[in-house]
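This report refers to the structure that appears directly beneath it.
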Amino acid sequence: MTEQRTSIHGQWSNRMAFILAATGSAVGLGNIWKFPYIAGENGGGAFVLIYLFCIAIIGIPIMMAEVMLGRRGRQSPINTMATLALEEKRPAPWSILGWMGVLAGFLILSYYSVIAGWALSYVFRTAGGMFEGATADGVSSIFAQFVSSPESLLAWHTIFMVATMIIVARGVQHGLEKAVRYLMPSLFILLIVLVFYAITTGYFNDGLSFLFSPDFSKITPDAILIAMGHAFFTLSLGMGAIMVYGSYLPKDTSIAKTSIVIAGADTLVALLAGMVIFPIVFANGLEPGAGPGLIFKTLPIAFGQMDAGILIGTLFFILLVFAAWSSAISLIEPAVAWLVENKGMNRIYASVWIGIATWIMGIGTVLSFNLWADFKPLSMFKIFENSTVFDLLDFLTANIMLPLGGLFIAVFAGWLMRERSSQDELNTSSKGYSTWQFLVRYIAPIAVMIVFLNVIGVF
Ligand code: PHE
């Protein structure tokens, strides 16, 4: 056994704190905004099934691997990978994995913050009664008008970024841990309330069958890639967010159990969101494939119709913003932790610099919905024919960088780390360990490879 390392950034006060923080990272726009719209664009049921399958056989084992590496290294992902490579007598460039994660986190946050800004603006729109009695058409045109204004998108993006920087600057345990404790369960309860509303639309069964009856004729290699990419995105895997949170995890916590709890909670939230959105879609004759605006075109109809809709709607968007917030924080934590460790910067400076860079990058996404809506930088490739800057950023990060990061994490944890080290750190039953090892050695890396090769057209 190696000597116990400790993190210079502190430690979670207990197992529950880690679960809440990691769930806070996992549950976010990915579950409520992204999952319904990509499920809608890719035909529903079969896509959902592939996504669930990816969570179970790729997501959970890689999440365990990430937490394990983090806890063993007890530093930012870059330094954790460097330290573990040295300790396991592997080549030093494994730290590149950490760098790639930092880059992915930065790129994701740049568009994440813009969308979180939409949610923030909808807090005020809902509270102001804008959707009272509005029709589906009315709600859609309010959305179209909103995103057509670069100034307002930029303003909300700015507010969200500043708020994120403030929280990150204050450090892991201050505030964040406490806030997440109440907000996550409240979001969950509100989703259940909305499911009850969805039942009253009379289209609940249509929604359910869209989500859960698979029609494999709608599945293309790209759809499989998107489902797999989303499994990584929604669980915050493949870029070091979960690794850095794992580095603050007390030694005696069971990694297997906590990972399963986190993945389960995350999946449940996504499915509930789908069960709310699709009945509304069908009840109002909307398009399931409406794209990134889907929740903003559907939920306000519900809030406009139901009793206490203003209250429930406002609360819902507030909670969505907080869920996005707790994810955003984890997107830059790996970079901040590295700047603190290697550049001796204090957290405040580190957060400000990263925040400014991310904010600038976010302008590309802001413009994708208005001035640059017709700017398709990679239109020469068929698959990117209709992709805006935002679409490209999303594709590159969620569908390429995260699965690639996850693949390397699986290879390192499964093949290159000595069994003695991984066994000591995971500390599960021998049956649990061998199941994990099998999944992380064979199933996860091979599945990721096959999906990649399938898209390139090798299979
Ligand atoms: N999991 C977050 C969500 O679903 C997004 C995220 C991705 C956060 C990667 C951290 C790392 O919204």
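The values are calculated or read from the model by the stated rules, or taken from the named source; none is laboratory data. Owing to the predicted nature of the structure, the values given are computational and were not obtained by experimental measurement. Quick reminder, even Gly has a Cβ in these numbers, built from the backbone with ideal geometry, and neighbours come from all protein chains shown.
Which condition breaks for TYR248 when tested against (1) away from the ligand (no atom under 16 Å from the Cβ); (2) touching a Phe, Trp or Tyr at 6+ places or on another chain (Cβ under 7 Å)?
Single failed check for TYR248: (1).
Residues checked against (1) of a type in the set (Asp, Glu); (2) within 16 Å of the ligand (Cβ to nearest atom); (3) surrounded by 13 or more Cβ atoms within 10 Å (Cβ to Cβ); (4) under 26 Å from TYR51 (Cα atoms):
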| site | (1), (2), (3), (4) |
| --- | --- |
| ASP374 | yes, no, no, no |
| LYS382 | no, no, no, yes |
| LEU402 | no, yes, yes, yes |
| SER430 | no, no, no, no |
| THR435 | no, no, yes, yes |
| ALA447 | no, no, yes, yes |
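Looking at (1) under 21 Å from ALA241 (Cα atoms); (2) of a type in the set (D, E, K, R); (3) modelled with pLDDT under 90, which is the only condition LYS382 fails?
Against the list (1) under 21 Å from ALA241 (Cα atoms); (2) of a type in the set (D, E, K, R); (3) modelled with pLDDT under 90, LYS382 comes up short only on (1).
Among the numbered criteria (1) surrounded by 23 or more Cβ atoms within 10 Å (Cβ to Cβ); (2) within 16 Å of the ligand (Cβ to nearest atom), which one does LEU271 miss?
Against the list (1) surrounded by 23 or more Cβ atoms within 10 Å (Cβ to Cβ); (2) within 16 Å of the ligand (Cβ to nearest atom), LEU271 comes up short only on (1).
Please name all residue pairs, on different chains or six or more residues apart, with Cβ atoms under 6 Å, provided the first residue is in the stretch 233-256 and is in contact (Cβ under 8 Å) with a residue 12 or more places away in the chain and of a type outside the set (Phe, Trp, Tyr) and the second residue is near the ligand (Cβ under 10 Å from one of its atoms) and in a loop (DSSP other than H, G, I, E, B).
Filtered contacts from the stretch 233-256: ILE242/SER236.
Name the residues in the stretch 60-90 that are closer than 21 Å to SER25 by Cα, not basic (Lys, Arg) and not in a helix (DSSP H, G or I), would you?
Selection gives GLN75, SER76.
Give me a count of the residues in the stretch 151-176 that are at pLDDT below 95 and surrounded by fewer than 20 Cβ atoms within 10 Å (Cβ to Cβ).
9
Scan the stretch 46-62 and give yes if some residue there is buried (at least 24 other Cβ atoms within 10 Å of the Cβ), over 24 Å from ILE329 (Cα atoms) and away from the ligand (no atom under 16 Å from the Cβ), otherwise no.
Yes.
Yes/no matrix, rows are residues, columns are (1) within 21 Å of GLY274 (Cβ to Cβ); (2) within 16 Å of the ligand (Cβ to nearest atom); (3) not hydroxyl-bearing (Ser, Thr, Tyr):
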site: GLY309; (1), (2), (3): yes, no, yes
site: ALA323; (1), (2), (3): yes, yes, yes
site: ILE329; (1), (2), (3): no, yes, yes
site: ALA335; (1), (2), (3): no, yes, yes
site: GLY344; (1), (2), (3): no, no, yes
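Which condition number in (1) over 26 Å from ASN79 (Cβ atoms); (2) more than 16 Å from the ligand (Cβ to nearest atom); (3) assigned to a helix (DSSP H, G or I) is the one that TRP94 fails?
(1)
Part of a helix (DSSP H, G or I), closer than 22 Å to THR220 by Cβ and at pLDDT below 95: does that describe VAL448?
Taking the combined requirement at face value, the residue does not satisfy it.
Could you tell me which of the residues ALA17, ALA22 is away from the ligand (no atom under 12 Å from the Cβ), at pLDDT below 95 and buried (at least 21 other Cβ atoms within 10 Å of the Cβ)?
ALA17
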